[in-house]
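Reviewing the structure listed below.
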Amino acid sequence: MPDFNEISSKMHEKAGYKDPLAFGIARVLKNMKGESIKVDFAVVNYKNSFASAAVILHALEKNGAKLDFNSPEAVYELHGGVLNDALEPFSSLFNELDKHANVKALKCAKNAAKVDYTLDYSHSFEAVFLYDDAKPASVESVYLKLYLLSKNFVKPREICLDGAFGILPNLAWDESGEPYELEWLREHEIELKMEGKYPNIAFIDKFPRMLSHIIPSDNATRVLDSAKVRLGAHLAPGTVVMPGASYINFNAGTLGSVMVEGRISSSVRVGAGSDVGGGASILGVLSGTNGNPISVGEKCLLGANSTTGVPLGDGCIVDAGLAILEGTKVFISADNRKKLAQINKDFSFDKEIYKARELSGLNGLHFRQDSRSGQITAALSTRAIKLNESLH
Amino acid sequence: MPDFNEISSKMHEKAGYKDPLAFGIARVLKNMKGESIKVDFAVVNYKNSFASAAVILHALEKNGAKLDFNSPEAVYELHGGVLNDALEPFSSLFNELDKHANVKALKCAKNAAKVDYTLDYSHSFEAVFLYDDAKPASVESVYLKLYLLSKNFVKPREICLDGAFGILPNLAWDESGEPYELEWLREHEIELKMEGKYPNIAFIDKFPRMLSHIIPSDNATRVLDSAKVRLGAHLAPGTVVMPGASYINFNAGTLGSVMVEGRISSSVRVGAGSDVGGGASILGVLSGTNGNPISVGEKCLLGANSTTGVPLGDGCIVDAGLAILEGTKVFISADNRKKLAQINKDFSFDKEIYKARELSGLNGLHFRQDSRSGQITAALSTRAIKLNESLH
Amino acid sequence: MPDFNEISSKMHEKAGYKDPLAFGIARVLKNMKGESIKVDFAVVNYKNSFASAAVILHALEKNGAKLDFNSPEAVYELHGGVLNDALEPFSSLFNELDKHANVKALKCAKNAAKVDYTLDYSHSFEAVFLYDDAKPASVESVYLKLYLLSKNFVKPREICLDGAFGILPNLAWDESGEPYELEWLREHEIELKMEGKYPNIAFIDKFPRMLSHIIPSDNATRVLDSAKVRLGAHLAPGTVVMPGASYINFNAGTLGSVMVEGRISSSVRVGAGSDVGGGASILGVLSGTNGNPISVGEKCLLGANSTTGVPLGDGCIVDAGLAILEGTKVFISADNRKKLAQINKDFSFDKEIYKARELSGLNGLHFRQDSRSGQITAALSTRAIKLNESLH
């Protein structure tokens, strides 16, 4: 039996063979119609582990699967025969499985007891390949892309999730993480209620929660309420999500250590060292930004109950309670225009009043409302100065 | 044995017999004193299924129950004898039970294994009848009314829940939905802790959570955190409740598809197509509206972190961060008064400045704060125009 | 065998013997290295039960433990021999165990079945003594201090928790309250996922949730979402914590019956009869108060989505949506200065405009923003008048 390197080489010589952009090995829950409703990836690879991919595809082909390298994605079942053939070339690695996640996943799949589901479910093991970042076409590839985000392989807005809402089924999830189809619940409600076995539903959604799938890569990340973070959120190491009024949607998140006590809507990125204060809202492309996704720079402070509707550079402050929307008119004094010009060389501060969207992405702005006149102003932020000094 | 139609006819001929406004069949959890502490309705009927009601009442009477048609509500235990006698007239329907929810519930009650509770609890099956919408007098009728709201049989403010707080016991609920009486927990704390069996309490409240009892009637409704919606909330199909800072109390909710990222207080109704932005608060009769319940019309937008303390018509916008309370003074320019008058024929726009409560229920208002002067203004909303056009 | 009084007397005569400030008896979960990762106190004593403490220490010494009265804290394992010797002097009380919590805890520890943990955990029983309120030095003493706060033995800011973050391990907790070390999860992820046994993680944090450990002492306290209250929060009887945008951190809380729909940051105290409105933020020493901890007086109303960054006296109102920070300039009219002076005898109202921090702790202030001019003002609060009248 040739070892995995030989098989990989041979596969790579085949006409049309392509290395995947990403692939993963998953346990997949299926409903009575055989449709996939939940995907647990045991391992996810991004631009990596090409030999493992080749060996799995080789085993699939040997077992009769028709390989597809022309579609952006491909989903294959890993039944017993495939698992045997995929594992054999790796037999030299069996005594150091912890170093070889894909091999370990295949071996665990082979050993896993067939579970009898009471909910008319079945499960299968699958390999999911992504060749191009096109619109996802399966529940499996949506989950794979959400994993790529939450495992920090890609950043928010770097991967295509168009149509994900249409692909994922809307499910009721109980406290232990078990999904129920709504139709199944409706059919069985009466007997479940009368027998005292009606499940305690924790939420109804198309997206699972991040903590049901992802272990942070560091020990400093904290998420005080799993309901607050959807799978597909991007939490850089050191991010803390408090349980008050916070929320991080999929395809959104932090690029460094950030204290999150407010809302990071889909498409939003927040830079390292920033604070999203209690109840602060950062608007997403679906909620008030006219389609312009918002990035918040590093070391910014979004005050409690503030609302940010425009992109911010580094070291900015939005005062507590303030809403800075695209059309908000912002006064900047001559003195502050001069100071701000020094750290925003490419911007021409040529007037007194700006619409907030004109100030998009500038550094060191401190937005406040003058409590005597009600006027909204921007001044040089104290965070900007610190930021500046730290560069010297 | 006469069939259910005959029995129903005979019952209806009896002096004093009345069809119920609503009735339901429930499994009821009882504490050591025999008090009801949790009610799971397997089926709830509203102005419907009068024959089933009559047959159940007939079986109760036959088994010695004294029927009461003079009180606004009546609660009866469905023990084995009653269940037998209530089921027999329906025997012709036993092969199509899924079409006959009440019969199925009776049959499931009969078949349900007696559960031995470890918590010194027992359970019984009960039929709960509501004849008039008076103040509820039992745990069972409070639950029945909360079900009527959450199953969308009645709208918020349409049913009397006065005194519900005094009737429902305050309980600790664990993650699986099991209720614990606080006194029981106190008595058993030491041994439970020392044996590592202290339950993981998820919340302490008089009201259960909606998702522990109710399956949405459509597949588009989503509730991302069950803690956010009390039983007795009214979620019209298509409503989405996000997990950030949202909350829907009992006797409150949506009348159509609404995106909910903020708080809908008790007594509040929100119309179809409206958005309750992240952290937006709509005040309830117990929290700042001087007892005037708030309705928000259709296609409104309540911006992130806004606060709404007055009723709004259709197509209104409250900008992010803004608080519109009863006494807020609102400036409307001559031009906007003219435009607004066209879609609010019954209102006389005869001055420049209005208290917000004077504008209650008007259509097409866009509330904003002038970011140069701090003045709060109302103008014609772009949502109003869309709304208007859609009517032509 | 001498009884507990004799033993206690003898122990108290020993040179160096000291009564503890607090002590407790706990079941402690240990990881594979024997490190304590979770502490469940079955009973906690504060300035009390000195005889029980003496008997336990006597039993420890008899079984070879070296007692330490010079450190601020001491942690001892209660193995079988210690438990026997500690229980024997109390044998006369065995038929009324419910009146003697410490004895009951010792007896339960002795009887508790040894649990086999699947997670490579073990557990032990321990007695934890606190002699001085110094920086905590162990997981056990941090938990003991958090219990002292949440059992209302001490108020927020009355006990030293410096360094607690460094001592507590960051853990993943599943829905049933079981803690997992992140490293263990990473090592076992693949097999858990492939076998369908990956735990449903509810949160990742150093602090457990209050409701996993504490039963309120009254039946009126309600906490609608356990995620909202960390162990170490101080909830006075009658406090209600709603699930929308609320949060109470450790070392923070209420001093009387308070309706909490907003955020009470670490170090904050809120007085009886106050309302913390939906989404209202009270800033903590770590979030914008320049290190000045905030107390909110009695019968205050913090409006929905308001932000409070300065201490308030009794009967104050902060209007919905308003942010009162240290530097906010507040106008007070001559008329209101006169009225406010009557209930704030020690304050000299000698100008028109004040920075909010100058007004710290004054009674009866109503902060609002003039909706015509944007100016922030303070007037005499209607709550102040009520408060005043209630004193006569």
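The values are calculated or read from the model by the stated rules, or taken from the named source; none is laboratory data. A quick note: this is a predicted structure, and the numbers were derived from the prediction, not measured. So basically every Cβ, Gly included, is an ideal-geometry build from the backbone, and we count neighbours across all protein chains shown. Side chains are part of the model used for accessible areas, which takes the heavy atoms of the whole protein and leaves out ligands, DNA and RNA. Shrake-Rupley method; radii C 1.70, N 1.55, O 1.52, S 1.80 Å.
Which ³J(HN,Hα) values in Hz, rounded to whole numbers, follow from the phi angles of region C:52-60 under the Karplus curve 6.51 cos²θ - 1.76 cosθ + 1.60, where θ = phi - 60° and Gly and Pro get x?
4, 4, 4, 5, 5, 5, 4, 5, 4
Ignoring ligands and nucleic acids, what accessible area does C:ASP218 show with a 1.4 Å probe (Å², nearest 10)?
Its heavy atoms expose roughly 30 Å² to the probe.
Which of the pairs A:LYS33/C:LYS197; B:LYS30/C:LYS299; B:LYS30/C:LYS110; B:LYS30/C:LYS197; B:LYS197/C:LYS197; A:LYS10/A:LYS66 have their Cα atoms more than 28 Å apart in this structure?
On the way: A:LYS33/C:LYS197 24 Å; B:LYS30/C:LYS299 38 Å; B:LYS30/C:LYS110 33 Å; B:LYS30/C:LYS197 34 Å; B:LYS197/C:LYS197 21 Å; A:LYS10/A:LYS66 17 Å.
Violating the 28 Å Cα-Cα cut-off are B:LYS30/C:LYS299; B:LYS30/C:LYS110; B:LYS30/C:LYS197.
For the pair A:LEU286 and B:LYS47, how long in nm is the line joining their label points, each one 7 Å along Cα→Cβ?
Between A:LEU286 and B:LYS47, the simple spin-label model gives 3.6 nm.
Distances from A:SER92 to the same position in the other copies: list them in nm, one decimal, shortest first, using label points 7 Å from Cα along Cα→Cβ.
The projected label point of A:SER92 is separated from its counterparts by 7.9, 7.9 nm.
Which is farthest toward the positive dipole end of region A:180-265 among A:MET210, A:LEU185, A:ILE248, measuring Cα position about the Cα centre, with Cβ charges +1 (Lys, Arg) and -1 (Asp, Glu)?
Checked the options; the winner is A:ILE248.
Could you give me D for region B:202-358, from Stokes-Einstein at 10 °C and 1.306 mPa s, where the hydrodynamic radius is the Kirkwood radius over C-alpha pairs? Units µm² s⁻¹, please. If you can, show how the numbers build up before the last one.
Values: Rh = 16.2 Å.
Approximately 98 µm²/s, per Stokes-Einstein.
Considering amide H positions built from the backbone, and no H for Pro or chain starts, which residues 5 or more places from A:VAL43, or on another chain, come under 5 Å of its amide H?
HN-HN under 5 Å from A:VAL43: A:ILE25.
So who's got an amide H within less than 5 Å of the one on B:LEU312, skipping anything under 5 residues away but keeping other chains? H placed 1.01 Å off N, in plane.
When sequence neighbours closer than 5 places are left aside, the close amide H contacts are B:SER295, B:VAL296, B:GLY297, B:GLY361.
Provide Rg over Rh for region C:281-361; use the alpha carbon set for both Rg and the Kirkwood Rh (inverse mean inverse pair distance).
Numbers: Rg = 12.5 Å, Rh = 13.1 Å.
Rg/Rh for region C:281-361 comes to 0.95.
Taking the Cα centre of region A:72-166 as the origin, how large is its charge dipole in debye, to the nearest 20, when only Lys and Arg (+1) and Asp and Glu (-1) carry charge on their Cβ atoms? Write out the running numbers ahead of the final one.
Numbers: 10 positive and 14 negative charges, 71 e Å.
That gives region A:72-166 a dipole magnitude of about 340 debye.
Considering only the label points, 7 Å along Cα→Cβ from Cα, what distances in nm to one decimal separate A:LYS197 from the same position in each other copy, shortest first?
Distances between equivalent label points, in nm: 2.3, 2.3.
How much of the calculated P(r) for region A:162-236 lies past 17 Å, in percent of all Cα pairs?
On the way: 1479 of 2775 pairs.
So the pairs more than 17 Å apart make up 53 percent of the total in region A:162-236.
Take every Cα-Cα distance within chain C, group them into 20 Å bins from 0 onward, and report for each bin the whole-number percent of pairs it holds.
25, 45, 25, 5, 0
Taking every pair of Cα atoms in region A:229-273, average 1/r, invert it to obtain the Kirkwood radius, and report Rg/Rh to two decimals. Present the calculation step by step, with values, prior to reporting the outcome.
Numbers: Rg = 8.9 Å, Rh = 9.9 Å.
That ratio equals 0.90.
Over the protein assembly as shown, what is the percentage of antiparallel beta bridges among all DSSP beta bridges, to the nearest 5? Walk me through the intermediate numbers first.
Numbers: 120 of 209 bridges.
Roughly 55 percent of the beta bridges in the protein assembly as shown run antiparallel, per DSSP.
Nearest beta-carbon of C to the rotation axis carrying it onto A: which residue, how many whole Å?
So the closest residue, with its distance, comes out as C:GLY374, 1.
Run the dipole for region A:4-169 about the Cα centre, Lys and Arg Cβ at +1, Asp and Glu Cβ at -1, nothing else charged, and hand back the magnitude in debye, nearest 20. Please report the intermediate quantities before stating the final value.
Numbers: 20 positive and 21 negative charges, 47 e Å.
Magnitude of the dipole: close to 220 debye.
Keeping the other protein chains in place, figure out the carbon and sulfur percent of the accessible area of chain C, with a 1.4 Å probe.
Values: 6990 of 14520 Å².
Taking all protein chains in place, chain C shows 48 percent carbon and sulfur surface.
Once phi is turned into θ = phi - 60°, what whole-Hz ³J(HN,Hα) does the Karplus curve with 6.51, -1.76 and 1.60 give for every residue of region C:20-25, x standing for Gly and Pro?
Karplus values, whole Hz, x for Gly and Pro: x, 5, 8, 7, x, 10.
Distances from A:GLU77 to the same residue in each other copy, label points 7 Å out along Cα→Cβ, in nm, shortest first?
5.2, 5.2
Which whole-Hz ³J(HN,Hα) couplings does region B:309-316 yield from phi under the Karplus relation 6.51 cos²θ - 1.76 cosθ + 1.60, θ = phi - 60°, glycine and proline marked x?
Once rounded to whole Hz, the list reads x, 9, x, 10, x, 7, x, 8.
Only Cα pairs within less than 10 Å get springs; with that Gaussian network setup on chain A, which residue of A:ALA127, A:ALA320, A:ALA15 has the largest fluctuation?
A:ALA15
Could you tell me the calculated FRET efficiency between C:ALA341 and C:LYS155, based on Cβ-Cβ distance and R0 = 25 angstrom, to the nearest 0.05? Don't skip to the answer; put the middle values down first.
On the way: r = 30 Å, r/R0 = 1.22.
Given R0 = 25 Å and the Cβ-Cβ separation, E is 0.25.
Which residue, A:GLU191, A:GLU178, A:GLU358, has the most motion in a Gaussian network model of chain A that connects Cα atoms within less than 10 Å?
A:GLU191
With springs connecting C-alpha atoms under 10 Å apart, model chain A as a Gaussian network and identify which of A:SER217, A:SER281, A:SER257 has the largest mean-square fluctuation.
Ranking A:SER217, A:SER281, A:SER257 by mean-square fluctuation puts A:SER217 first.
Expressed as a fraction of 2.2 N^0.38 Å, the rule-of-thumb size for a compact globular protein of N residues, what is the C-alpha radius of gyration of region A:2-152?
Values: Rg = 14.8 Å, N = 151, 2.2 N^0.38 = 14.8 Å.
Normalised Cα radius of gyration, region A:2-152: 1.00.
Would you grab the residues whose amide H sits under 5 Å from the one on C:LYS355? Only those 5+ places off in sequence or on another chain, please, with H modelled 1.01 Å from N.
The list, which skips near neighbours in sequence, is C:VAL330.
Compactness ratio of the protein assembly as shown: Cα Rg over 2.2 N^0.38 Å, N = residue count?
Numbers: Rg = 31.8 Å, N = 1176, 2.2 N^0.38 = 32.3 Å.
Here the Cα radius of gyration is 0.99 times the empirical estimate.
Treating the beta-carbon of each Lys and Arg as +1 and of each Asp and Glu as -1, no other charges, what is the dipole magnitude of the protein assembly as shown about its Cα centre, to the nearest 20 debye? Walk me through the intermediate numbers first.
On the way: 129 positive and 141 negative charges, 701 e Å.
For the protein assembly as shown, the charge dipole is close to 3360 debye.
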